[in-house]
Amino acid sequence: MSEQVKLTIVFPDGSEENYFSEKGDTLWKTLEIIGVDTGGICGGTGICGKCKTKVEGAVSPVSQEEKQHLLPDEIKMGERLACYYRVDKPLTVVLNKNDNLAKSNLKLKFYNEKKTHENNIKVKKIFINGLDANSPVTLQERLLEGVNPYFLMLNPDNYNELVKLDRAGRPTLELYAVILDDKVIPNISKEKENIYGLAIDIGSTTISGALINLENGELVGLKNVTNMQRVYGEDILSRVAYSTIDQSNKDRLQKLLINNINSLIDSFQKNVCAQNIYKVVVVGNPVMLHFLSGLDVSGFGSSPFVGVIADEFVLKANSIGLNVNEMANMILLPQLGGFVGADTTACMLNLPYNSNSNFLLIDIGTNGEIVLCKNRELWATSAAAGPAFEGGSLKCGTRAIQGSIDRVFLQDRKFRFNVIGNTLAKGICGSGVIDLIACLRQVDCLDENGVIKNNIKTYFDVLDENNYNEIVIINGESTYNGYPIIFTQEDIRQVQLAKAAIRSAVEVLMTVAKLDYKDLDNIYLAGAFGSFIDPENAIKIGLLPNVAKNKIKNIGNAALDGAILALINKGIKEKAKDLKNITKIIDLANTDNFNDIYIKNIGFTAKS
Ligand code: FES
């Protein structure tokens, strides 16, 4: 057996945990298995330079490759590139405040108003006859009589527990039976136990989970974790490509999701016993749902981009390794079609699509999903926005983590910045980028084609006096590593491409539906990014249509809200199927003059 090397992880709160690494494995691989997000986005291939990790102890010398990505001060502070560092001696890894701490204050906007429920999982009091020594009847037969008309599916352990209560001469036994789907009994116990359901929304960046008491609909636990598949690429197509190289890669990506969900369940364990989780509802984009179920994803890698399933899909949750009751079903809600997944279906479950209203639902991510509802008719599409709004392709871009600039505003014609956690700045996230571009436009330092003007020096230092391609938005004194936060002309290009992709998709749907922007009643923004952007600035740069500000509504984690609805209300599954049937999927690639529309939307101008 290969040698194990001790690894001590020091968490930001000072607590420590010990793990073991295979001698010679990269630090990146070990941290990935433990569940620590290094921030790397190239799958440990040494390209992205983002897996910077602070180590202490008997550390090996810094390699030439690491020196290409690490600043001298970072090396002095003990930072290393985790995917280059081979663990061959005991090591301490110090997680600083910025590690693995995604902004996770996504709200459930709809849960409280819709938590009344009608479930098909219940706990029912039953009575069975005691054992009569003169006329012995097996425990099973008496149970069957007591639970009639339900179908009994107890495992041997459960029978053995009940036998301990079943002594000859005892009178009638009062017990509690869990009833699934109004017909099957998987568990009978002496004490009444609570029964729970788990709702999961798998995003390509974040996985959200909610634990619900199925008897009263109460929210028992709510948590987000980083989707550890991120280390294999920010966008889902990179992960598809990685998984199709080898079966073991695909298994690995499935295992990462399962570990992620089991870690969510673990974090809920102080409130409940995982064995009391009897139902799991999962939503997410089609690729994530395929990965989780162990289904082939190669169909998403090339035209015509079709997966194996799109309708509701049900399997036993523990058949893929989820730590819940063995009888619990895992239900994947229907996907709307194409790359528009069950997360969008779940969002729509919260919205008035069955009324006379006209609205847009926009979920902006690496892949943006957009649904247009016009008087009960629905159209949906997905737009490849790329990672710019999640900080992925920007020079100093970050996700919305501690240390990210998430707000930029003008005060007395001076630029002001808000940093998440009120700490030293680490970079700028999507909401900050939108604000920054809107403010640059406002002070006329950026033209509508996205070109930085020479008056930029009135407001910011530039790295090269001969051009204005790199501006210093925060100098090194206020950053975590002493180096300035830079915003570049190339960053602006990346944002333009992302913004044009989303806005063009909106425009195509509006054209197909023959709907005018002025006739929109609402624009609903779902998901993490939508929750944090300033709608006014998003309108100013042309990302969102120019509608009255009060029509734009942030609906938080509406996908998880929809998954909870499906968990606690048996009628909702039919609504989800109905949504899939009535939604027309628009393929942007096959849309006439899409390129013209896209180019028209490149500029930073507010437009209806
Ligand atoms: S450089 Fe290490 S994960 Fe990308």
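Here are a few things to note about the model shown:
- The set of residues in the stretch 23-36 being within 12 Å of the ligand (Cβ to nearest atom) and either surrounded by fewer than 22 Cβ atoms within 10 Å (Cβ to Cβ) or assigned by TED's automatic domain parsing to the domain that holds Asn259 (or both) consists of Thr26, Lys29.
- Qualifying residue in the stretch 468-483 (condition: at pLDDT below 95, within 25 Å of Phe532 (Cα to Cα) and of a type in the set (Phe, Trp, Tyr)): yes
- Residue within the stretch 422-431 that is within 18 Å of the chain's Cα centre (by Cα) and open to solvent by 60 Å² or more (accessible area, probe 1.4 Å) present: no
- Listing of strands (runs of 3 or more DSSP E) fully contained in the stretch 122-230 that carry 1 or more residues being within 18 Å of Val282 (Cβ to Cβ): 173-180, 196-202, 206-213, 219-226
- Selection from the stretch 557-576 of residues that are closer than 13 Å to Ala346 by Cβ and surrounded by fewer than 23 Cβ atoms within 10 Å (Cβ to Cβ): Asn569, Ile572, Lys573, Lys575
- Qualifying residue in the stretch 217-238 (condition: of a type in the set (Phe, Trp, Tyr), modelled with pLDDT under 90 and either within 21 Å of Asp266 (Cβ to Cβ) or in the same structural domain as Ser263 (by TED's automatic domain parsing) (or both)): yes
- Checklist (1) in contact with a Phe, Trp or Tyr (Cβ under 9 Å, 6 or more places away or on another chain); (2) buried (at least 21 other Cβ atoms within 10 Å of the Cβ); (3) of a type in the set (A, V, I, L, M, F, W, C) applied to Ile585, failing item: (2)
- Residue that is farthest from the ligand (Cβ to nearest atom), among those in the stretch 70-86 that are open to solvent by less than 70 Å² (accessible area, probe 1.4 Å) and free of Cβ contacts under 8 Å to residues at least 24 places away in the same chain: Ile75
- Test: residue in the stretch 396-415 that is touching an Asp or Glu at 6+ places or on another chain (Cβ under 6 Å), open to solvent by 50 Å² or more (accessible area, probe 1.4 Å) and either assigned to a loop (DSSP other than H, G, I, E, B) or closer than 21 Å to Asn601 by Cβ (or both): no
- Matching entry among Ile555, Ile572, Ile585 (being modelled with pLDDT of 95 or more and β-branched (Val, Ile, Thr)): Ile585
- Pick from the stretch 523-553, criterion outside any loop (DSSP other than H, G, I, E, B) and among the charged types (D, E, K, R), ranking: surrounded by the most Cβ atoms within 10 Å (Cβ to Cβ): Lys540
- Conditions (1) farther than 30 Å from Glu215 by Cβ; (2) free of Cβ contacts under 8 Å to residues at least 40 places away in the same chain; (3) assigned to a helix (DSSP H, G or I); number of the one not met by Gly307: (3)
- Residue match in the stretch 557-571 (condition: within 22 Å of the chain's Cα centre (by Cα) and not in a helix (DSSP H, G or I)): yes
- Close pairs (6 angstrom Cβ cut-off, 6 or more residues apart or separate chains): among the small types (Gly, Ala, Ser) in the stretch 24-53, part of a helix (DSSP H, G or I) and within 6 Å of the ligand (Cβ to nearest atom) anywhere: Gly44/Trp28
- Only one of the listed residues (Lys50, Lys67, Lys89) is of a type in the set (D, E, K, R), open to solvent by 50 Å² or more (accessible area, probe 1.4 Å), at pLDDT 80 or above and away from the ligand (no atom under 14 Å from the Cβ). That residue is Lys89.
- Reported count of residues in the stretch 352-377, each being farther than 24 Å from Lys499 by Cα and not basic (Lys, Arg), is 8.
- In the stretch 196-204, the condition of being β-branched (Val, Ile, Thr), open to solvent by 20 Å² or more (accessible area, probe 1.4 Å) and out of contact with any Lys or Arg (no Cβ under 6 Å at 6 or more places or on another chain) is met by no residue.
- Pairs are defined by a Cβ separation below 7 Å, a sequence spacing of at least 6 or placement on different chains, a first member in the stretch 177-202 that is of a type in the set (Lys, Arg), and a second member that is open to solvent by less than 20 Å² (accessible area, probe 1.4 Å); the pairs so defined are Lys190/Leu175.
- Any hit, the stretch 425-441, residues being in a loop (DSSP other than H, G, I, E, B) and aliphatic (A, V, I, L, M): no
- Number of the condition not met by Leu256 [criteria: (1) touching a His at 6+ places or on another chain (Cβ under 9 Å); (2) within 16 Å of the ligand (Cβ to nearest atom)]: (1)
- Extreme residue, modelled with the lowest pLDDT, among residues of the stretch 34-47 that are out of contact with any Cys (no Cβ under 9 Å at 6 or more places or on another chain) and of a type outside the set (A, V, I, L, M): Gly35
- Within the stretch 447-471, restricting attention to residues that are in contact with a Cys (Cβ under 9 Å, 6 or more places away or on another chain) and in contact (Cβ under 8 Å) with a residue 40 or more places away in the chain, the residue that is surrounded by the fewest Cβ atoms within 10 Å (Cβ to Cβ) is Tyr459.
The values are calculated or read from the model by the stated rules, or taken from the named source; none is laboratory data. All values derive from a computational prediction rather than experimental measurement. All Cβ positions, glycine included, derive from the backbone under ideal geometry; neighbour counts span all protein chains shown. Quick note on the areas: whole protein, heavy atoms, side chains included, nothing else; ligands and nucleic acids left out. Shrake-Rupley method; radii C 1.70, N 1.55, O 1.52, S 1.80 Å.
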